[in-house]
Amino acid sequence: MAEIRRPDDMVRITTPELADAFIEEQIALVKEQVGDKKVLLALSGGVDSSVVAALLIKAIGDQLVCVHVNHGLLRKGEPEQVIQVFRNEMNANLIYVDAVDRFLDLLAGVTDPEQKRHIIGEEFIKVFAEEARKLDGIEFLAQGTIWPDILESEAGIKAHHNAGGLPEDLQFDLVEPVRILFKDEVRVVGDQLGLPAGMVYRQPFPGPGLGVRCPGAITRDRLEAVRESDAILREEFAKNGLEGKVWQYFTVVPDFKSTGVTNGKRSFEWPCIIRAINTTDVVECSVEHLDPALMDHLVQRITTEVDGINRVLYDFTPKPPATVEYE
Ligand code: XMP
């Protein structure tokens, strides 16, 4: 089949009406492409795969099989939200795979950032392939490919694959209903499909997840400190009107300890680093300067509520010279 391309004169989808028209058109196209066959989708809970899932549920109902792999590096509440939205509210055919121990056991003792990324990527494909092999009659693989992915892969900037890289015996025809959309259009479509705003307008989150925010060898206790401090930061940003305004914000818990004092007793615990940046292209980023009162409140909450943290630091470094993530 010829590759579908974005028409040069396509109107940018900015309104609910344009989104509805796009949804109707894609439903018809997907029904025609898939017929009564089954479609498999790796549903991470990110914007693109979530919008594809919601669209396909509308188009083909339980002919869609969604697989959500919890690799243990997701943010607090994410797997629960995927189950709530897709299984409970949208009646999706959702397979939830708890692969937390599998990933964390493999990652134990691994300190090199690229090796960590490699292990997470490879294991993800393995787990997904295992689930795919358990299913009968799957003929299609749905992917949340979007138009910038196609353009970047054509320009040789990055290889475009989402759940790609599957083994030879699992080659399916692709269903890519948002492939001609830009990210802002995917969000408008997601809104119209009834997805929660927190899912549609969320900040970017890397594939290797919290794994790259737990520098060095990942341990379960330090990973938990990253997850809990990140949840507090997100909660406070939302309360203070910064959600959707600051481009990306998160916490990092590095692998060293410093002396502190808690309830009159010496402590020896990790610091928690807060990073909050703004950008348009991620090539260059500036630092968001937080209100000092909010900063004080974050220090207070994180040091008292998160186990193992006795110090909070703020990263004032733009990109370049620093990257956004620590690994
Ligand atoms: P850096 O750290 O390279 O980050 O300045 C730029 C943007 O890319 C995200 N990022 C990743 N996303 N897999 C991803 O899917 C990765 O391995 C990865 N590394 C960085 C990062 O969160 C930021 O938005």
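For the reader, a short list of remarks on this structure follows.
- Residues being touching a Pro at 6+ places or on another chain (Cβ under 8 Å) and assigned to a loop (DSSP other than H, G, I, E, B) - total across the stretch 283-303: 1
For (1) away from the ligand (no atom under 16 Å from the Cβ); (2) within 30 Å of Ala19 (Cβ to Cβ); (3) touching a residue at least 40 places away in the same chain (Cβ under 8 Å); (4) assigned to a helix (DSSP H, G or I), each residue gets a yes or a no:
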| site | (1), (2), (3), (4) |
| --- | --- |
| Ala129 | yes, no, yes, yes |
| Ala132 | yes, no, yes, yes |
| Glu139 | yes, yes, yes, no |
| Gly144 | no, yes, yes, no |
| Gly156 | yes, no, no, no |
| Arg179 | yes, yes, yes, no |
| Val189 | yes, yes, yes, yes |
| Pro215 | no, no, yes, no |
| Asp221 | yes, no, yes, yes |
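- In the stretch 223-235, the count of residues that are surrounded by 17 or more Cβ atoms within 10 Å (Cβ to Cβ), assigned to a loop (DSSP other than H, G, I, E, B) and among the basic types (Lys, Arg) is zero.
- Test result for Ile95, of a type outside the set (Lys, Arg), farther than 22 Å from Ala59 by Cβ and crowded, with 16+ Cβ neighbours inside 10 Å: no
- In the stretch 304-327, the qualifying residues are those that are outside any loop (DSSP other than H, G, I, E, B) and touching a residue at least 24 places away in the same chain (Cβ under 8 Å), and the one that is nearest to the ligand (Cβ to nearest atom) is Lys319.
- Gly109 being exposed (fewer than 14 other Cβ atoms within 10 Å of the Cβ) and not in a helix (DSSP H, G or I): yes
- Exactly one residue out of Thr280, Thr323 is modelled with pLDDT of 95 or more and of a type outside the set (Phe, Trp, Tyr): that is Thr323.
- Filtered residue count, the stretch 128-160, keeping only those that are touching a helix residue (DSSP H, G or I) at 6+ places or on another chain (Cβ under 9 Å) and among the basic types (Lys, Arg): 2
- Qualifying residue in the stretch 278-287 (condition: away from the ligand (no atom under 16 Å from the Cβ), without any contact (Cβ under 8 Å) to a residue 60 or more places away in the chain and surrounded by 14 or more Cβ atoms within 10 Å (Cβ to Cβ)): no
- Taken as a whole, the condition of being of a type in the set (Asp, Glu), surrounded by fewer than 18 Cβ atoms within 10 Å (Cβ to Cβ) and assigned to a helix (DSSP H, G or I) applies to Glu80.
- Checking Gln248 against (1) within 16 Å of the ligand (Cβ to nearest atom); (2) more than 22 Å from Ala197 (Cα to Cα), the condition it does not meet: (2)
- The set of residues from the stretch 243-257 being surrounded by 12 or more Cβ atoms within 10 Å (Cβ to Cβ) and either touching an Asp or Glu at 6+ places or on another chain (Cβ under 6 Å) or under 19 Å from Leu313 (Cβ atoms) (or both) comprises Val246, Gln248, Tyr249, Phe250, Thr251, Val252, Val253, Pro254, Asp255, Lys257.
- Positions within the stretch 294-306 being of a type in the set (D, E, K, R) and over 10 Å from Ser229 (Cβ atoms), in sequence order: Asp296
The values are calculated or read from the model by the stated rules, or taken from the named source; none is laboratory data. Just so it is clear, the model here is predicted, and its values are computed rather than measured. Note that we place each Cβ from the backbone using ideal geometry, even for glycine, and neighbour counts take in every protein chain shown.
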